[in-house]
Structures are given as C-alpha cells and as structure tokens.
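Only one structure is covered here, and it is reproduced in the block below.
The values are calculated or read from the model by the stated rules, or taken from the named source; none is laboratory data. Nothing here was measured: the structure is a model prediction, and the numbers come from that model. For the accessible areas, the whole protein counts, side chains as well, though only heavy atoms, and no ligand, DNA or RNA atoms are used. Shrake-Rupley method; radii C 1.70, N 1.55, O 1.52, S 1.80 Å.
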Amino acid sequence: MSGVHTSIDIAAPPQTVWDFVMDPTKSGEWVTIHRGLKDHDGGPPRAGYRMNQRLCLRGVNFDVHWTLTEVDAPRYAVWEGKGPARSKARIVERLSENGDGGTHFEYENDFHAPFGPLGAVATRALTGGVPAREADASLKRLKAILEDRTG
C-alpha cells in the first residue's frame, strides 16, 4: 500500500469547499491528474454515488471506478475506487472550520497495488513521489480557485 496524506487551509467556508470538491464536473478544474469524467450519477453526493474518472500519472492514462461509501456533508467523504489490474484506492476528505471562517481540508489517498508486496514495490519504483506532489498541487489549485471566487 502507498499513501498520500496532505492538507491545506482555504479562505472559504466549508460548505463552499464541499460543494466544489464534491461536484465531479469540477474535477478537471482542480485535480491535476484528472483527464476526464467518463460517467457519474446525478443528484447530490450520497452513499452509493458512483463516478468513472480517467486519470494520468507519469504519462499513463487509466480509469478508476469510484463509489462514495461514506458521506457526512459538508465535513467528511470516503471514496473507494477500483482501477486497472485489480488495483484499489481509497480517498478520505475531511473538512473543518479553521477558526477564521475558512476551511481546513485534509486529503488522504491510499493506493493498494495488485500482487501484494511485489506490486507495492513496483508501484513505488514507478510513481516515486509523484502522487504526493500531484495531491499538493491539486490542493493549491483548489485554494487558488476558491479564494479567487470568494475573495
């Protein structure tokens, strides 16, 4: 398993951040590895909500089939994803007020490679620190977008 854990403070209320982050059609604006939204359920985010997303790491495109498994709007969401070769991912997003009217956004992404320990070693060798850099870049992009809209 490899994981990314990062966070950022955003000068926008939690509900504003939640509404933007949980809208799959906005992913292309802030998620740096997003290459396309292939399909998604309609309506508000809820347990069981599904979306299919095309992502890209190190020049390789791949599809992930996501299901929203836990949701407590506007504070907490857990996405479980299935990717190529039986790989799995789990994203946890936590939003809280940061004390000055803004939002503290915590992001976790745990990736489970197929083929056990050997697959995990291969994944680290192939991706290096790219997932962490991309997660940080995505959160910085999200911050810039939302602060520009609310500021």
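For this structure, a couple of remarks:
- Cα long-axis angle, helix 130-150 against the chain (0 to 90 degrees, to the nearest 10): 20
- Solvent exposure of the chain amounts to 54 Å² per residue of accessible area, where only protein heavy atoms count and the probe is 1.4 Å.
- Per-selection Kirkwood Rh - the chain (Cα, Å, 1 d.p.): 15.8
- Degrees between helix 116-127 axis and first principal axis of the chain (Cα, 0 to 90, nearest 10): 60
- Taking the 1.4 Å solvent-accessible surface of the chain as the whole, the part contributed by carbon and sulfur is 52%.
- Applying 0.36 nm per residue to the separation of Ala132 and Lys88 and subtracting their alpha-carbon distance, the gain on full extension is 14.1 nm.
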